[in-house]
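Taking it in order: structure first as structure tokens, then the write-up.
The values are calculated or read from the model by the stated rules, or taken from the named source; none is laboratory data. Keep in mind the model is a prediction, meaning the values are calculated, not measured. Every residue, glycine as well, gets a Cβ built from its backbone with ideal geometry; the counts of neighbours run over all protein chains shown.
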Amino acid sequence: MKKIVSVFMSMLLMPSAQAVDIGLVGLFPGKAVLVVDAEAPKIFTVGSTIVEGIRLISADRETASIEVNGKRQILTLGQYVHRSAASKNSSVILQADARGHFTARGQINGGSSLDMLVDTGASLIAIPAAEAKRLGIDYKNGKKSRASTANGIVNTYIVRLDSIKIGDIELNQVDASILEEGLPTSLLGMSFLNRMEMTRNGEQMILKKRF
């Protein structure tokens, strides 16, 4: 092995109902040395399965990338990442604005945040192209489509977000539509909402994660 890294990096991951601890203790091109649940270190090659639902997809002298149930995570030397299972009872309370509309502050792909209007009439999360660029979403690689707006038919791109987090609720692998024009604000559509229990209580809306 060409390089041993003394830094220990641990992750609490959820490939299934049971959490798994993974520590990165060594790196060299095409391989990573991992400690799984405090067992003896083991060398994994790129493409191999670490445990069910978790796969090593790249490794070099500086970083290793793993895929957890379809979501990519890059591990940088010296970084400490802690990921815990989302509570089955995760929920968020939204307050109506003066017009009776509900908006939510969302975080996309673990990065920047944006305000989103709750819209049960939108089949997908919808984001204006300018906002998608700000968030670092490479939407041009998405599936090209068309959508009807108040300004007529516009070009859209269907993408899959790695994650979206609103309050204590976080979902992975959520479809979204990126509109190049005709959309003044981002919409929190049914690709997110259909995984929630939605309860209206006066001027409040409670979103509770179902799955």
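Structural remarks
- When the test is whether a residue is in a strand (DSSP E or B), in contact (Cβ under 8 Å) with a residue 24 or more places away in the chain and among the basic types (Lys, Arg), Lys165 passes it.
- Annotation note: of Gly202, Gly182, the sole residue that is in contact (Cβ under 8 Å) with a residue 12 or more places away in the chain and out of contact with any Cys (no Cβ under 9 Å at 6 or more places or on another chain) is Gly182.
- Residues located in the range 177-198, provided they are assigned to a strand (DSSP E or B) and closer than 17 Å to Thr103 by Cβ: Ser186, Leu187, Leu188, Met196, Met198
- Condition check for Arg160: without any contact (Cβ under 8 Å) to a residue 40 or more places away in the chain, among the charged types (D, E, K, R) and in contact with a Lys or Arg (Cβ under 8 Å, 6 or more places away or on another chain): no
- Condition check for Asp162: more than 26 Å from Arg99 (Cα to Cα), of a type in the set (Asp, Glu), loosely packed, with under 13 Cβ neighbours inside 10 Å and modelled with pLDDT under 95: no
- Candidate set from the range 29-82 (those that are of a type in the set (Gly, Ala, Ser) and in a loop (DSSP other than H, G, I, E, B)); member that is modelled with the lowest pLDDT: Gly78
- Breaking point among (1) modelled with pLDDT under 90; (2) out of contact with any helix residue (DSSP H, G or I) (no Cβ under 7 Å at 6 or more places or on another chain), for Ser112: (2)
- Options Ile206, Ile153; residue that is modelled with pLDDT under 95 and under 16 Å from Arg105 (Cα atoms): Ile206
- For the range 139-155, the count of residues that are under 19 Å from the mean Cα position of the chain (by Cα) and buried (at least 19 other Cβ atoms within 10 Å of the Cβ) is nonzero.
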